[in-house]
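Everything on this sheet refers to the single structure shown next.
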Amino acid sequence: MDLQLNGKTALVTGASRGIGLAVVHALAAEGVRVVAAARTPTPELAAAGAMPVAADLSDPATAARLVTEAVAELGGLDILVNNVGGGDGGLNGGFLDLTDAQWDQVVDLNFFATVRVTRAALPALAAARGAIVNVSSIGARVPHGGPVAYTTAKAALTAFGKALAEEFGPQGVRVNTVSPGPVRTDMWESPTGYGAELATAMSIPHADLLAGLPAAMGMLINRLVEPDEVASLVAYLASPRAAATTGTDHFIDGGAVKTA
Ligand SMILES: NC(=O)c1ccc[n+]([C@@H]2O[C@H](COP(=O)([O-])OP(=O)(O)OC[C@H]3O[C@@H](n4cnc5c(N)ncnc54)[C@H](OP(=O)(O)O)[C@@H]3O)[C@@H](O)[C@H]2O)c1
């Protein structure tokens, strides 16, 4: 199916690997011109035909600069994919282990980075009657299934998407949320990521955690979600094919969530 995206413009955050990189590939394959942001742009981004921009979105001043650069480079903005999130590990531990500084860091990256980028991008998106896709998590709806600061920040992000859809729908801007379950990215697979830390906390080998994860999460597909599967959903929601879809939250979790 032609997604009718040829010639459109997009900004993707958290784009250097994992889900973000897969979104860049999916959009570029549809003929979208993409500005791709991460702290350390990877060679894969340039190979995908994207325009990489180095941007640390945990710094509040970065969002406006990034959007200004992207809009100037692209000559406008049709699509914003707020994918940045997760973190560099350090998410594990219970509520009483978390300091204010850790809450700030997690909520900043998983919620306020998107708030700031979206605020800066909305004038251009409204001018283009564009679309926003936010990457949240099933943890927003199943908050016991992950670290409390992360799932709380993602719950805020999901609510934010719904509120934005209401406020900016009349201006022609669509806003949708994609909520993945476990996806096969560095977040789970890196020896320094969340998955490795969780395995250490559970005193089991990292490989055993990964092998048992689909069953432990109740995933009916018996494997992790692939990044390009999330990217296909994001590209569809960003496209004119989804013109009647706004204010929604789409799970892509292999059936892990049983209640929605
Ligand atoms: N993987 C999963 O199982 C899963 C499940 C549900 C939701 N999600 C969500 O999906 C999104 C992508 O996750 P992922 O698994 O693809 O993550 P990932 O593989 O860890 O990639 C994260 C991306 O964000 C960038 N990034 C990290 N910190 C940043 C910062 N301060 N400023 C700018 N960019 C930054 C990273 O590049 P640099 O390091 O170069 O900055 C990288 O491109 C996140 O919002 C995550 O919460 C993931």
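The values are calculated or read from the model by the stated rules, or taken from the named source; none is laboratory data. Remember, it's a predicted structure, so these values are computed and weren't measured experimentally. All Cβ positions, glycine included, derive from the backbone under ideal geometry; neighbour counts span all protein chains shown. All accessible areas refer to the heavy atoms of the entire protein, side chains included, with ligands and DNA or RNA removed. Shrake-Rupley method; radii C 1.70, N 1.55, O 1.52, S 1.80 Å.
Measuring between their Cα centroids, segment 168-205 and segment 1-61 lie 18 Å from each other. Taking every alpha-carbon pair under 8 Å whose residues sit at least 6 apart, segment 185-224 reaches a relative contact order of 23 percent.
Three principal axis extents describe the C-alpha atoms of segment 61-174; from largest down they are 46, 26, 16 Å. A convex hull fitted around the alpha carbon atoms of segment 152-238 yields 117 Å³ per residue.
Normalised Debye scattering of the chain at q = 0.08, 0.13 Å⁻¹ gives log10 I(q)/I(0) of -0.29, -0.78, counting only Cα atoms as equal scatterers and leaving out solvent. Extension gain, ALA127 to LYS162, is 10.6 nm, computed as 0.36 nm per intervening residue step minus the present C-alpha separation. Adding -39500 (n - 2.57) for every DSSP H run of four residues or longer, then dividing by how many residues the chain holds, sets the calculated 222 nm ellipticity at -13000 deg cm²/dmol. A 1.4 Å probe over all protein chains sorts LYS162, LYS8, LYS258 by accessible area into LYS258, LYS162, LYS8, starting with the largest.
Rolling a 1.4 Å probe over the protein heavy atoms gives the chain an accessible area of 43 Å² per residue. Largest first, the three principal axis extents of the alpha carbons in segment 205-260 are 45, 25, 15 Å in whole numbers.
Looking at the chain as a GNM with Cα springs under 10 Å, which of PHE95, PHE168, PHE160 has the largest mean-square fluctuation? Answer for the Gaussian network model of the chain: PHE95. Peptides 177-190, 119-132 ranked from most to least packed by the mean count of surrounding Cβ atoms within 10 Å: 177-190, 119-132. Computed over the alpha carbons of segment 158-197, Rg followed by Dmax gives 16.0, 46 Å. For segment 185-224, the fraction of alpha-carbon pairs lying more than 11 Å apart is 59 percent, rounded to a whole number.
Please identify which residues in segment 184-200 have an amide N closer than 12 Å to a label point set 7 Å out from the Cα of ASP208, following the Cα→Cβ vector. What the label zone holds, given the 12 Å backbone N cut-off, is 199-200.
Relative to the current alpha-carbon distance between ALA101 and ALA29, full extension at 0.36 nm per residue lengthens the span by 21.9 nm.
Quote the relative contact order of segment 1-144 in percent (integer), defining contacts as alpha-carbon pairs under 8 Å separated by 6+ residues. The partial results should precede the final answer.
Numbers: 233 pairs, mean separation 34.9, N = 144.
Relative contact order of segment 1-144: 24 percent.
The relative contact order of the chain comes to 20 percent, based on Cα pairs under 8 Å that sit 6 or more residues apart. Of the candidates LEU164, LEU45, LEU77, which one comes out as most mobile in a Gaussian network treatment of the chain with C-alpha springs shorter than 10 Å? Of the options given, LEU164 has the highest mean-square fluctuation.
Here the Kirkwood formula, the inverse mean of 1/r across different C-alpha pairs, assigns segment 1-140 a hydrodynamic radius of 15.4 Å. Protection proxy ranking, highest mean first, for peptides 10-17, 134-141: 10-17, 134-141, where packing is the per-residue count of other beta-carbon atoms within 10 Å, averaged.
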